[in-house]
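Report on one structure; see the data block that follows.
The values are calculated or read from the model by the stated rules, or taken from the named source; none is laboratory data. All values derive from a computational prediction rather than experimental measurement. Neighbour counts run over all protein chains shown; Cβ positions are idealised from the backbone, glycine included. Side chains included, ligands, DNA and RNA excluded: accessible areas come from the protein's heavy atoms. Shrake-Rupley method; radii C 1.70, N 1.55, O 1.52, S 1.80 Å.
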Amino acid sequence: MRDSKVARAYEALVAEGAIIDDAAQRKAVAALDTFGARLAHALAAKSRLRQMLRLPPRKGMGEGVYLTGRVGRGKTMLMDLFFKTVETAKKRRVHHGEFMEEIHGRIHALRAGKHGVDAISTVAEGIAEEARLLCLDEFQVNDITDAMLLGRLFKAVMQRGTFVVFSTNTEPDKLYEDGLNRQLFLPFIAFIKQRFTIIELSGGTDYRLRRIAGGEAYITPLGERADQQIERLWQKLTDGEPGRESELMVNGRVLRVPRAAHGAARFQFAELCEEALGTADYLALARLFDTLFVENVPLLNGKRRDARRRMITLIDTLYDGQIRLAMSAAAAPEALASGESDFERTASRLRHMQSAEYWQREGVSS
């Protein structure tokens, strides 16, 4: 009988009241236990004779799990439960952004120090030696450099016997969607479909939103209280993650996201509405994130016409995409641009975007 380690850990959390029993999550748990049994078999494949002879273990092709679904469905929680149940010292759990920074650093160092070396294969060998299980949280592909690297890297890592788990908001066919030279990335999508067990956590409840029921999503006036409230909302929606800087490519330009975690992105107003950004940039954010934090919105009447125009475009884009908005502002929506007729619809939308009904509905980016 299969050892149901993940199921037992999940049931313990349900019994403690730490999580709510969820049918979709239970299906994912069963799939993770099946995957875990295959990993355990691979880890035990080194025979007593090979141990005595001090030979390396025979390494077959590693396998993968692609854990996907909209934000807030418990993907990270389930991946972490699985990670804890795997009995090997050679395992690693890391955020995808941190992992890619490390990989680029390793490749750069190899290419700078050795001429003619196959840096990707060498890095893959190092990863496989360090970890028989590699879990990457918040896997995503937004950059042409990463897109060209990922296919070769993970094929090489798994060919050396490493098992890989991705948690991601993006289903395989939508990875690097509309990206530059995407056709060169398609073989990696085919590889994922062939070598990974795809587990989809669809429907159900966004459990993060239970933590903010009745909370303020539009905070005014500006000041220390507003800063503290925004930080509390961020902590609740990102499971305490501080967030990492990331970059998006928009029409060949780099759009910097100062902080991103668990489907949420965090900006100062000036970074979104006082820079030369427009509809394409806001659409890119709405495609990737389900919640946007915008801090320190000033009064927008008078000479702030350009910033007000960008604010109108931003809110229209988020509203049409049903993207959640948390904001700190100098005044209530109706008073942000008093006397400016072009802002009346925006003020009305800002009001609606604070409602429980708006926050609970499922956005297109999810």
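Brief remarks follow.
- Any hit, the stretch 211-218, residues being at pLDDT 95 or above, over 16 Å from the mean Cα position of the chain (by Cα), assigned to a strand (DSSP E or B) and not hydrophobic (A, V, I, L, M, F, W, C): no
The rows are residues; the columns are (1) open to solvent by 10 Å² or more (accessible area, probe 1.4 Å); (2) over 24 Å from residue 241 (Cα atoms); (3) not aliphatic (A, V, I, L, M).
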site: 267; (1), (2), (3): no, no, yes
site: 272; (1), (2), (3): no, no, no
site: 314; (1), (2), (3): no, yes, no
site: 357; (1), (2), (3): yes, yes, yes
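- Every residue from the stretch 301-324 that is among the small types (Gly, Ala, Ser) and more than 30 Å from the chain's Cα centre (by Cα): 302
- Of all residue pairs spaced 6 or more apart or on separate chains, those with beta-carbon atoms under 7 Å, a first member in the stretch 238-267 that is hydroxyl-bearing (Ser, Thr, Tyr) and a second member that is assigned to a strand (DSSP E or B) and surrounded by 20 or more Cβ atoms within 10 Å (Cβ to Cβ) are 238/261; 238/264; 246/257; 246/260.
- The residues in the stretch 150-180 that are open to solvent by 70 Å² or more (accessible area, probe 1.4 Å) and outside any helix (DSSP H, G or I) can be counted, and the count is 4.
Conditions tested, residue by residue: (1) crowded, with 20+ Cβ neighbours inside 10 Å; (2) within 27 Å of residue 188 (Cα to Cα); (3) in contact with a helix residue (DSSP H, G or I) (Cβ under 7 Å, 6 or more places away or on another chain); (4) at pLDDT 80 or above.
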site: 1; (1), (2), (3), (4): no, no, no, no
site: 7; (1), (2), (3), (4): no, no, yes, yes
site: 12; (1), (2), (3), (4): no, no, no, yes
site: 17; (1), (2), (3), (4): no, no, no, yes
site: 28; (1), (2), (3), (4): yes, yes, yes, yes
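- Output for the stretch 336-347, where each listed residue is surrounded by fewer than 14 Cβ atoms within 10 Å (Cβ to Cβ) and in a helix (DSSP H, G or I): 341, 342, 344, 345
- Restricting the stretch 295-304 to residues that are at pLDDT 90 or above and surrounded by fewer than 24 Cβ atoms within 10 Å (Cβ to Cβ), the residue that is nearest to residue 319 (Cα to Cα): 295
- Restricting attention to the stretch 79-103, the residues that are without any contact (Cβ under 8 Å) to a residue 12 or more places away in the chain and under 21 Å from the mean Cα position of the chain (by Cα) total 2.
- Reported count of residues in the stretch 125-146, each being over 16 Å from the mean Cα position of the chain (by Cα) and open to solvent by less than 10 Å² (accessible area, probe 1.4 Å), is 5.
- Selection within the stretch 259-294 - of a type in the set (D, E, K, R) and within 27 Å of residue 170 (Cα to Cα): 259, 266, 271, 281, 287, 290
- Evaluation of residue 208 against the conditions (1) under 18 Å from the mean Cα position of the chain (by Cα); (2) closer than 24 Å to residue 284 by Cβ; (3) at pLDDT 90 or above shows that the sole unmet condition is (3).
- Residue 90, sole failed condition from (1) modelled with pLDDT of 80 or more; (2) in contact with a Phe, Trp or Tyr (Cβ under 8 Å, 6 or more places away or on another chain): (2)
- Residue 309 vs. criteria assigned to a helix (DSSP H, G or I), under 19 Å from residue 170 (Cα atoms) and of a type in the set (Lys, Arg): no
- Of the residues making up the stretch 321-335, those that are in a helix (DSSP H, G or I) and open to solvent by 10 Å² or more (accessible area, probe 1.4 Å) are 334, 335.
- Evaluation of residue 199 against (1) within 26 Å of residue 20 (Cβ to Cβ); (2) open to solvent by 20 Å² or more (accessible area, probe 1.4 Å); (3) at pLDDT 90 or above (one fails), failing number: (2)
- With respect to the conditions (1) open to solvent by less than 50 Å² (accessible area, probe 1.4 Å); (2) in contact with a strand residue (DSSP E or B) (Cβ under 8 Å, 6 or more places away or on another chain); (3) within 24 Å of residue 236 (Cα to Cα), residue 262 falls short on a single one, namely (2).
- In summary, residue 269 fulfils each of the numbered conditions (1) under 20 Å from residue 359 (Cα atoms); (2) aromatic (Phe, Trp, Tyr); (3) modelled with pLDDT of 90 or more with the single exception of condition (1).
- Among the residues of the stretch 86-117, the one identified as of a type in the set (Asp, Glu) and open to solvent by less than 70 Å² (accessible area, probe 1.4 Å) is 102.
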